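Single-structure report; data block below.
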Amino acid sequence: MMKNTFKYQFSCLLLILFLIVIESQAQQFHFDLGLRSQKSFGLYFENGVVGQVSSENIAKNQLSLGLGYTTSRLGSAMGSNAIKQDNYQVWLSYYFNKTHRIYPFVSLGSGYFSADYESDDFEVLDHSSALFSATAGFEYNTPILLKMNLALGYNFISGNGLEGPGTLYPVFAQLNFYYPLK
């Protein structure tokens, strides 16, 4: 019986130590979840969800890895006959001088673009493409724990309808709202 009690206590102690280590590691990471509104100059509004993670151990919390999904289905194509297009994105951002309330950042991103032309007549046209883009802008930390950033971006891979999707325009603007989860 003494042996079982010792095993139980030892197991509980290991579990507590494991949770303390996990918690101390988790405190080094910062997670932001938010919304994005994106506008291609000359074409559609696209809206969606974004998230990013950064660590105090990597570049003193100035480097963030982001993941997002934007779509015209929640923008210009909502309730209209605009082409439904989806963007799946991953990016790496570097934030300069985060000690100020407003600070600049740059991002380099990649992903996948897909357009749904909704008609077999357009099957011969390119409807998908890889994404590779760069953005630069400013982020503002509001007094209410909300981060807002505004950026201009450039898609290095775009299309004209004959080569690449015709609705993948090169220049775009983004407005992001992030709420820090941790």
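No lab work stands behind these numbers, since they all come straight from the coordinates. Everything numeric in this text was worked out from a predicted model, so none of it was measured. For neighbour counting, all protein chains shown are included, and Cβ atoms are generated from backbone atoms with ideal geometry for every residue, glycine included.
Brief remarks on what is shown
- Exposure proxy ranking for 102, 144, based on other Cβ atoms within 10 angstrom of each Cβ and starting from the fewest, stands as 144, 102.
- Modelled spin labels at residue 117 and residue 154, positioned 7 Å past Cα toward Cβ, are 2.9 nm from each other.
- In this structure, residue 30 and residue 138 have a Cβ-Cβ separation that, at R0 = 22 Å, corresponds to a calculated FRET efficiency of about 0.70.
- Pairwise FRET efficiency - residue 67 versus residue 98, Cβ, R0 = 25 Å, nearest 0.05: 0.75
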